[in-house]
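Chemist: Have a look at this one before I ask anything.
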Amino acid sequence: MIQFLNPALLWGLAAASVPIIIHLLNRRRFRRQRWAAMEWLLTAAKKHQRRLQLESLLLLLLRTLAVLLLALALARPYLSEAPIALATTRKTHLFLVVDNSASTAARSGLRTAFENATSTAAALVGEIGSDDPVTLVVTNDNLDPQRPTGQPRVVVRESRDHEKVRRLLGELRPAPARADLSTTLKALDATLTSAEDVEKKVAILTDLQRTTFERATDVTGDPGTEDLGGEALRVALDALVKKGAEVLVMPSGRSVANVGVIGLRPEEDRDIVQGASAAFIAEIANFSDRPQRVEVRFLVDGEERGSSESFWVDLPPRPAGSASPSARSQRFSVRFGDDETGPHTVEARIPSDAFTFDDARTFAFGVRPPIKVLAVDGDPRPPADGAVRETYWLAPALALRDDGPITVTTIEESELLAMKALDGWDLVVLANVGRPAPNPAARETLEAYVRRGGALVLTVGDQVIPEVWNDELYRDGEGLLPARLLESRLREEAWLKLDLGENRHPILRDLTNPANAVFFQSPFLRGYMSVDEVDLASGANTVLAYTDLHKSPAMVERRFGKGRVLLLTTTVDDAWGNLPGSYLFPALLHETVYVMTARGNADRNLLAFQPFANTFPSNFDRFEMTYPDGSPAQPNVETPPDAPSFVTFRATTRLGAYDTTVHFKPADILAPAPSPKSDVFAVNLTPLESDLAQLTAPEIEARWSGLVTVAEDLGVAAETVRAHEGEVHRSLLILGLLCLIGEVLLARHIGTRRSRS
Amino acid sequence: MAETARSPIDPEIISRVAQIHLRARMVVEGYVSGLHRSPYKGFSVEFAEHREYVAGDDLRYLDWKVFGKSDRYYVKQYEEETNLVCQLVVDVSESMDFGTEGVRKHDYALTVAASLAYLVTSQHDSAGLVLFDEGIRTVLQPGSSQGHLRRIFASLEGAEPGGRTSLGVVLARVAERVRRRGLVVVVSDLLGDVNEVIEGLRRLRSRGHDVIVFHVLDPAEIEFPFERMTLFEGLEQFPELLADPKALRQAYLDGVSAFQDALRAACLGERIDLVEMDTRTPLDVALSSYLAKRAASGRRGGRA
């Protein structure tokens, strides 16, 4: 059955009468001529009249047909119930790809690019036939608030319920994540059928953000999968085009000048300890081509604190043609008192602009109590005159102040052996201990401590017999000792130093910084305990070496379970050299303790859509969580019968600090329940999304030439998605044009023949 | 250029003159003055008889000697020496009532005939006149006097075009009527069946007449220059025809050529002088043709 998309234009069919009218008028418009030689004329006419009439009729037919077909094509007829064999039964399958990445939330004028995109998408749905299917794909799935993935998702597949599609478009929201267009198109590719009778129109509604097209990274913004050439997108587009799809890119937003907080981190890579000053660095970036001056405010736990939490930052314009913005760092320091151990947040905030997702950034961290160090003295009573016990210098060097961030408890070797567990200590130093693990129980105590996350520092001396240590601690690489001990290499005079050349290891980074070379110089040492070649495969590595010919290891570290072990191959007293007498000594010790005991805050700082996960001890009772705005969240808690309980939470779709509380069961009915444990984690936007630089339409068409067309105008796009709606009107257009061409050729042929005569 | 180059016997100029005798005179005298030699010289005039004067006679011919002797008025009558009898057979059918260059074929043909009559009589030859359409309309027996010439002019002036052409029949009748051998000048567009035309001309030749055919056509009939859609209204009761002239031109011109070729071949075979004229052709062409033919027939008749 023939139906028309523009039935009003059927009036155009009346135009088909125009050539006939012109023909008839022409026949009426003639000159009269009295004529004598009529016999000759009649003979000539009789001879050619039939051919002349035929030519005239043919021209008239072609003209009329051309007008008729063109008029009919404009009315856009389609056959709704024609046999499949006819090409005219083709339908449009509209694939809407809506870019709802964070950048689309940028406001240009009164509306955001995202709002423009969804309204355009809804308008496009209205342009196709009522029976044509629509598939809706989003770049960042956040439709289900409980289980958003942030990944590309086919929201509706081949639906003829256009109302439903419009409703879903209305429910979509921008997600604080990056769009990965190539992956999105791959998801769409899976829904593409190769059916020949369906016109596949893919409309990508996007803000043209450059990084959306050029980089194929995952939602975490992992720069390891950079794809600056857009090759992944080319492959994805190519696959679509090969399946017969026509891909349209529809820009939904204009270029927006943006200033954003693209980073917030502690100045030093270590835990923040109560009583110590903590510094944070906020990075403010200007992505626009104009200089900007913004006020940066720092909030601690959501409140202004201290006297200098507000700073003005001048940002130069982004260098022309640069891929990077112009950025400035702003430092902020705060001191946490003795009663402030526990979870905290610091937030850097700038005034709200057109793109609000990056106007603030939160860093979550824990303030820990003073670090508890257990120093085990292996040589408490040295026989030699003038000699001091092994920890004589060590303990005061670590605990410089009574209320400082490190507290030290010194015991003797025998006391260590009496200890059943070491879990109360953040770090244990075995200083020149001759028999660190004389029995399996002692060894297990040590190993269990480290395996569960404890830090162990081993120093040598005259009490250490390599064979004994190798037997008790190295155990052919299975034990705690990072390297097999060989022998002590001692001389009477001091003859070697520590190699303090620039070293990137966290313990030595500041100490070996050339700027600090004047403070931290290595004293001369008499010797060291040599070790076998460090087995990198076991996870061990040399942190610091001596200046001898072989660069013998001075500090070797190794991960063991969740904890770390560090071996110092010289003494911490002055037996093998004057290390304790140098400025370097306390600094080296402090750095070692901070780095070895650092728990870090990586688990507390996530990018949007990164899942939050945690495990609980056996007396876990329940878990509570609130979104940054204080509303309750519903994390997924599982309590398997034979494994620790754990929580997973995927809906990290709101930016800011999430508070969590773990409640514990009492040990028995009569005992009071242990106090709940509160914590916090922060969710931030990937900084890559702050760069709102756009590709231009010509750039897109040039780079993905032949694969995409940019339609900046809804009318053009609508025309394209409707263009092949059934082949009827295209065929009619072609036929009409053929009629016109035929008419022109025939008329020219006749004209030429007559002019020759 | 065209204007300054025009001869005094240009058909268009001549056609502006209403009286046919003036036209004839302009043509002939214009032509003769161009020859630089008087055509009147060498012709003798023979006295025939006296006749009593009647009012209107030219006083120049009064015989004063007879008046002196008898006191009565007599005029002398002369018999002009007639060397040649020229029959002018002129087509006055409706098809001649056509012209596109400001000159109708009819007027052109009559001017040709009048000029020839004037020339013929001025050379003391006899001129007869036959006007015809589908039949013979007017016949004037040959004569050479001025009065006869006036009658010829009067007949020509009074001839209005009309009726169909039937040249074959007319020429057959002329052949029967004109007993004395002489020159027959046919002035016509010859529209009709070419075979009938040729047959009629043959009959004249078979009677021993010298024949000159002035085939008068309009330039449009030769060139068919029309561009726009045209309704051709047929003369001589032919039907109308609406046609695109461009489409028909070639076929039409082919038809004209075929007719002319057949006519030329026949005339050549019968030693008939065929003079193809269109209404732009200067009229002296007709006179030249006549004089050439007369000279030839004179030589054949043994006259100098």
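The values are calculated or read from the model by the stated rules, or taken from the named source; none is laboratory data. Nothing here was measured: the structure is a model prediction, and the numbers come from that model. FYI the Cβ positions are ideal-geometry reconstructions off the backbone, even for glycines, and counts take in every protein chain you see. Protein only, heavy atoms only, side chains kept; ligands, DNA and RNA dropped before computing areas. Shrake-Rupley method; radii C 1.70, N 1.55, O 1.52, S 1.80 Å.
Chemist: Which distance in Å, rounded to a whole number, links the C-alpha centroids of region A:594-665 and region A:264-292?
Modeler: Spelled out, the Cα-based centre of one part sits 25 Å from the other.
Chemist: Quick one: if the Förster radius is 41 Å, what FRET efficiency do B:K76 and B:R271 give, using the C-beta to C-beta distance and rounding to 0.05?
Modeler: 0.45
Chemist: Please list the three semi-axes, largest first and in whole Å, of the ellipsoid equivalent to region A:602-678, using sqrt of 5 times the eigenvalues of its alpha carbon gyration tensor.
Modeler: Semi-axis lengths for region A:602-678 are 25, 14, 9 Å.
Chemist: As a test of reading the structure, rank B:R181, A:R604 by solvent-accessible area (1.4 Å probe, protein chains only), most first.
Modeler: B:R181, A:R604
Chemist: Same structure again: Here are some pairs, A:K420/A:K665; A:K164/A:K243; A:K91/A:K164; A:K164/A:K200; B:K105/B:K246; which of them have Cα atoms lying more than 29 Å apart in this structure?
Modeler: With Cα atoms farther than 29 Å apart: none of A:K420/A:K665; A:K164/A:K243; A:K91/A:K164; A:K164/A:K200; B:K105/B:K246.
Chemist: Give the relative contact order (percent, whole number) for region B:125-174; include only Cα pairs under 8 Å separated by 6+ residues.
Modeler: Relative contact order comes out at 41 percent.
Chemist: Accessible area per residue of region B:197-260 at 1.4 Å probe, in Å²?
Modeler: It amounts to 36 Å² per residue over region B:197-260.
Chemist: From the Cα gyration tensor of chain A, with a ≥ b ≥ c the square roots of its eigenvalues, which class applies: rounded if a/c is under 1.5, or else prolate if a/b is larger than b/c, or else oblate?
Modeler: Here chain A falls in the prolate category.
Chemist: Turning to a different aspect of this structure: Relative to the longest principal axis of chain A, what angle (0 to 90°, nearest 10) does the C-alpha long axis of helix A:584-597 take?
Modeler: Once rounded, the angle reads 60 degrees.
Chemist: Among A:324-330, A:382-388, A:116-122, what's the highest-first ranking by average C-beta atoms within 10 angstrom per residue?
Modeler: Packing proxy ranking, top to bottom: A:116-122, A:324-330, A:382-388.
Chemist: Using a 10 Å cut-off on Cβ to Cβ distances, tally the other chain neighbours for every residue of B:252-261 and report the average as a whole number.
Modeler: Taking all residues of B:252-261 together, the mean is 4.
Chemist: At 0.36 nm per residue, and after removing the present C-alpha to C-alpha distance, how many nm does the segment from B:I136 to B:R180 gain when stretched out fully?
Modeler: 14.0 nm
Chemist: Chains B and A: buried accessible surface, both sides, probe 1.4 Å, rounded to 100 Å²?
Modeler: Rounded to the nearest hundred, the buried surface is 3000 Å².
Chemist: Can you pull the percent of chain A's accessible area that's carbon plus sulfur, 1.4 Å probe, other chains left in place?
Modeler: 53
Chemist: I'd like to know how region A:371-597 sits against the 2.2 N^0.38 Å rule of thumb: what's its Cα Rg over that expected value?
Modeler: In units of the globular-protein estimate, region A:371-597 measures up at 0.93.
Chemist: Within region A:284-329, which GluC sites (Glu not before Pro) sit in a loop by DSSP and count at most 13 neighbouring Cβ atoms inside 10 Å?
Modeler: Within region A:284-329, the qualifying GluC sites (Glu not before Pro) (loop, at most 13 other Cβ atoms within 10 Å) are A:E304.
Chemist: With each pseudo-label sitting 7 Å past Cα toward Cβ, what's the A:T661-A:R32 distance in nm, one decimal?
Modeler: Between A:T661 and A:R32, the label points sit 11.2 nm apart.
Chemist: Could you report the accessible area of A:C739 in Å², rounded to 10, computed with a 1.4 Å probe on the protein chains as they sit in the structure?
Modeler: Spelled out: A:C739, probe radius 1.4 Å, area about 20 Å².
Chemist: Stick to the Cα atoms of region A:392-469, pair each with every other, and give me the Kirkwood hydrodynamic radius in Å at one decimal.
Modeler: It works out to 13.5 Å.
Chemist: Pairs of alpha-carbon atoms within less than 8 angstrom and 6+ residues apart define the contacts here; what relative contact order does chain A have, in percent?
Modeler: 15
Chemist: Can you give the charge dipole size of region A:602-678 about its Cα centre, rounded to the nearest 20 debye, using +1 on the beta carbon of Lys and Arg and -1 on the beta carbon of Asp and Glu?
Modeler: 160
Chemist: Kindly report the accessible area of region A:371-597 per residue (heavy atoms of protein chains, probe 1.4 Å, no ligands, DNA or RNA), in Å².
Modeler: 44
Chemist: Sticking with this one: Under a point spin-label approximation (7 Å from Cα along Cα-to-Cβ), what is the A:A15-A:A515 distance to one decimal in nm?
Modeler: For the pair A:A15/A:A515, the computed spacing is 7.7 nm.
Chemist: Could you work out how much longer the chain between A:I465 and A:E624 gets when fully extended? Use 0.36 nm per residue separation minus the Cα distance between them, nm to one decimal.
Modeler: 51.9 nm is the gain from fully extending A:I465 to A:E624.
Chemist: Something else about it: With charges only on Cβ, +1 for K and R and -1 for D and E, what is the dipole size of the protein assembly as shown about its Cα centre, in debye, rounded to 20?
Modeler: Dipole magnitude for the protein assembly as shown comes out near 8020 debye.
Chemist: Rounded to the nearest 0.05, what FRET efficiency is calculated for B:L253 and B:R51 with R0 set to 60 Å and r the Cβ-Cβ distance?
Modeler: 0.50
Chemist: Which order, highest average first, do A:337-346, A:67-76 follow once you tally other Cβ atoms within 10 Å for each residue and take the mean per peptide?
Modeler: Highest-to-lowest ranking by the protection proxy: A:67-76, A:337-346.
Chemist: What does the accessible area of A:T407 come to, in Å² to the nearest 10, when a probe of 1.4 Å is used?
Modeler: 50
Chemist: By accessible area of protein heavy atoms, probe 1.4 Å, what ranking do A:Y474, A:Y658 get, highest first?
Modeler: Largest to smallest exposure gives the sequence A:Y474, A:Y658.
Chemist: Using a Förster radius of 45 Å, what is the FRET efficiency between A:L110 and A:A643 based on their Cβ-Cβ separation? Nearest 0.05, please.
Modeler: 0.25
Chemist: Then there is this: Nothing charged except the Cβ atoms of Lys and Arg (+1) and of Asp and Glu (-1): what's the magnitude of the dipole of region A:371-597 about its Cα centre? Round to the nearest 20 debye.
Modeler: Value, rounded to 20: 600 debye.
Chemist: Among A:K372/A:K677; A:K372/A:K497; A:K201/A:K242; A:K186/A:K242, which pairs are too far apart, with a Cα-Cα distance over 23 Å?
Modeler: The answer is A:K372/A:K497.
Chemist: Then there's this: Would you mind listing how long region A:259-353 runs along its three principal axes, going by Cα atoms, in whole Å with the largest first?
Modeler: 50, 24, 17
Chemist: Right, next: Given the Cα-Cα distance of A:A673 and A:K47 and 0.36 nm per residue of separation, how much length would full extension add, in nm?
Modeler: My answer for the length gained is 213.3 nm.
Chemist: I would also like to ask the following. Just the accessible area for A:E127, please: 1.4 Å probe, Å², rounded to the nearest 10?
Modeler: 60
Chemist: Hey, can you rank A:534-545, B:98-109 by average C-beta count inside 10 Å, highest first?
Modeler: For the peptides A:534-545, B:98-109, the packing ranking is B:98-109, A:534-545.
Chemist: Grab the DSSP H runs of the protein assembly as shown that are 4 residues or longer, score each as -39,500 (n - 2.57), total them, divide by all residues and round the 222 nm result to the nearest 500 deg cm²/dmol.
Modeler: Computed ellipticity for the protein assembly as shown at 222 nm equals -9500 deg cm²/dmol.
Chemist: For region A:259-353, what is the accessible area per residue in Å², given a 1.4 Å probe and the full set of protein chains?
Modeler: Per residue, region A:259-353 has 49 Å² of solvent-accessible surface.
Chemist: Please say if region A:515-559 is rounded, prolate or oblate, where rounded means a/c under 1.5 for a ≥ b ≥ c the square roots of the C-alpha gyration tensor eigenvalues, and otherwise the choice is prolate for a/b larger than b/c and oblate otherwise?
Modeler: oblate
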